[in-house]
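What follows is a set of notes on a single structure, which appears directly below.
The values are calculated or read from the model by the stated rules, or taken from the named source; none is laboratory data. This structure is a prediction, so every number in the text was calculated from the model and none was measured. In this analysis, Cβ positions are derived from the backbone assuming ideal geometry, glycine residues included, and neighbour counts consider all displayed protein chains.
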Amino acid sequence: MNTKTVSQPADKNHVLIFDTTLRDGEQSPGATMSHAEKLEIASLLDEMGVDIIEAGFPIASDGDFQAVSEIAKRSKNAVICGLSRANFKDIDRCWEAVQHAAQPRIHTFIGTSPLHRAIPNLDMDEMAERIHDTVTHARNLCDNVQWSPMDATRTEWDYLCRTVEIAIKAGASTINIPDTVGYTAPRESADLIRRLIETVPGAVDVIFATHCHNDLGMATANALAAVEGGARQIECTINGLGERAGNTALEEVVMAMRVRKDIMPFTTGVDATKLMHISRRVATVSGFAVQYNKAIVGKNAFAHESGIHQDGMLKNAETFEIMRPEDVGLSATNIVMGKHSGRAALRSKLEELGFELGDNQLKDVFVRFKALADRKKEVFEDDLLALMRDQESGD
Ligand code: KIV
Ligand code: ZN
């Protein structure tokens, strides 16, 4: 048996970030990544301070097994976790892959809700026994075991408490409470974790995790609410990649807890200045483009086109930005020139390009600029240079 002990964060307000881009994220239809791409993403996650990387599902394929093993060998700081169903064969294969890590973790799960219990056709007692046996087996291989009751948010309360207690007694040190189908809502998410910690014997000695899907667009809100309820591990993915509508987006929870630490006094170990780069790499390797208006990492998250906003931004960036672009790894705010832009932004853009205009000159150029902007969606620097050439030659 592995003898390393599992470290619990000393700071009670520290939230562990568990990234599952390479497991739940890769399960998005069409998001398959190559071996080399997975190693690259794992190394970026490790460098940016993610605490636990769920590197894959080793029994799923030889490719997944190889990727998890290699990531386990290479990881420098993060705990490396593999997923396994609730049977010995899965768990053994998972251990074979993660055992190479300095800090390995086995994550094993079973669906506990009535709908999910019907699939392996186990009654409540049979499933309880299966949980006991599989968590015990995993714990005999590895001292860091995470257990998840899949579809926890649609599992009967008494049965959920019973199964969580069994997993804790069998040696799980992290209990993850998945909202597998994105069904819960923030208040319910917070209450569920709070009540589990208050009710289940031994719950105060383990870490509770939250794993939210985004089917109703509430994954980030639900994850943060779970933290308010006492969860100290958030499971999430870069760009919110994941099954169906995806998972909680890592960049959103990390920045929400930073920007609103006045009401959410929690910390993470993530270096947020690396967010933009990893977001772009995940978009490229998964083939899932990031929507323009995606929070934190979308192309427009730090872009301003309207005259009122641009004027405000030029005077004081805090008027329309609650984070600085540099905080997430962008070099600067993007002032986009288009038909909604005003005179102040045009003057500033032209000054950047080396043109100092008097008021009357600016008035003339502004009329030409608006005519051009009406014809084009966005006016680029080259368009402005052409406009100034025409203006100066009197065309
Ligand atoms: O959504 C889910 O329930 C999962 C489990 C395997 C943790 O991804
Ligand atoms: Zn999931």
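Answer yes or no as to whether residue 153 is part of a helix (DSSP H, G or I), under 29 Å from residue 220 (Cβ atoms), of a type in the set (Val, Ile, Thr) and within 16 Å of ligand 2 (Cβ to nearest atom). So residue 153 passes the test.
Give 284, 273 a once-over and let me know the one that is in a helix (DSSP H, G or I), over 15 Å from the mean Cα position of the chain (by Cα) and either away from ligand 2 (no atom under 16 Å from the Cβ) or over 16 Å from residue 218 (Cβ atoms) (or both). The unique qualifying residue is 284. Could you grab the pairs with beta carbons closer than 8 Å, sequence gap of 6+ or different chains, first residue in segment 176-201 and of a type in the set (Asp, Glu), second one more than 16 Å from ligand 2 (Cβ to nearest atom)? Listed by first residue and then by second, the contacts come to 191/229.
Taking segment 103-152 as the range and being more than 23 Å from residue 52 (Cα to Cα), of a type in the set (S, T, N, Q) and in contact (Cβ under 8 Å) with a residue 40 or more places away in the chain as the test, the residues that pass are 112, 113. Regarding residue 207, is this residue within 14 Å of ligand 2 (Cβ to nearest atom) and among the β-branched types (Val, Ile, Thr)? Judged against the criteria, residue 207 is not a match. Only one of the numbered conditions (1) without any contact (Cβ under 8 Å) to a residue 40 or more places away in the chain; (2) in a helix (DSSP H, G or I); (3) within 16 Å of ligand 1 (Cβ to nearest atom) is not met by residue 226, and that is (1). Filtering segment 32-69 to residues that are within 16 Å of ligand 2 (Cβ to nearest atom) and either within 30 Å of residue 265 (Cα to Cα) or surrounded by fewer than 20 Cβ atoms within 10 Å (Cβ to Cβ) (or both) leaves 52, 53, 54, 55, 60. Filtered by the rule that a residue be within 16 Å of ligand 1 (Cβ to nearest atom), among the hydrophobic types (A, V, I, L, M, F, W, C) and either more than 17 Å from residue 75 (Cβ to Cβ) or modelled with pLDDT under 95 (or both), segment 9-48 gives a lone residue, 31. Within segment 302-331, if we keep just the residues that are without any contact (Cβ under 8 Å) to a residue 12 or more places away in the chain and among the small types (Gly, Ala, Ser), the residue that is nearest to residue 42 (Cα to Cα) turns out to be 331. Checked against the criterion of being in contact with a strand residue (DSSP E or B) (Cβ under 7 Å, 6 or more places away or on another chain) and not small (Gly, Ala, Ser), the candidates 166, 110 yield just one match: 110.
Selection within segment 60-96: residues that are over 24 Å from the mean Cα position of the chain (by Cα) and among the hydrophobic types (A, V, I, L, M, F, W, C). The member of this set that is nearest to residue 132 (Cα to Cα) is 86.
The residues on offer are 311, 395, and the sole one that is out of contact with any Leu (no Cβ under 8 Å at 6 or more places or on another chain) and either basic (Lys, Arg) or at pLDDT below 90 (or both) is 395.
Taking segment 174-216 as the search range and keeping residues that are within 16 Å of ligand 1 (Cβ to nearest atom) and of a type in the set (Ser, Thr, Tyr), which one is surrounded by the most Cβ atoms within 10 Å (Cβ to Cβ)? My answer is 210. Among residues of segment 12-39 that are over 13 Å from residue 237 (Cα atoms), those with a Cβ under 7 angstrom from a residue that is surrounded by fewer than 24 Cβ atoms within 10 Å (Cβ to Cβ) and of a type in the set (Phe, Trp, Tyr), sequence gap 6+ or separate chain, pair up as 13/266; 15/266.
For residue 183, the conditions (1) outside any loop (DSSP other than H, G, I, E, B); (2) of a type in the set (Phe, Trp, Tyr); (3) within 13 Å of ligand 2 (Cβ to nearest atom) all hold with the exception of (1). Please verify whether residue 311 is under 17 Å from residue 335 (Cα atoms) and charged (D, E, K, R), treating the condition exactly as stated. Yes.
So that you can scan it fast, the table gives a plain yes or no per residue for (1) within 26 Å of residue 132 (Cα to Cα); (2) away from ligand 2 (no atom under 16 Å from the Cβ):
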site: 188; (1), (2): no, yes
site: 196; (1), (2): yes, yes
site: 212; (1), (2): yes, no
site: 222; (1), (2): no, no
site: 247; (1), (2): no, no
site: 262; (1), (2): no, yes
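Annotation: of all residues in segment 285-321 being loosely packed, with under 13 Cβ neighbours inside 10 Å and of a type in the set (S, T, N, Q), the one that is farthest from residue 378 (Cα to Cα) is 316. Cβ separations smaller than 9 Å between residues 6+ apart or across chains give the following pairs from segment 283-300 residues that are on the phi > 0 side of the Ramachandran plot to residues that are among the small types (Gly, Ala, Ser) and outside any helix (DSSP H, G or I): 287/30; 287/31; 296/249. Inclusion of residue 217 among residues that are touching a Phe, Trp or Tyr at 6+ places or on another chain (Cβ under 9 Å) and away from ligand 2 (no atom under 15 Å from the Cβ) is not warranted.
Looking across segment 259-276, the residues that are farther than 28 Å from residue 180 by Cβ and charged (D, E, K, R) come down to 261, 262, 271, 274.
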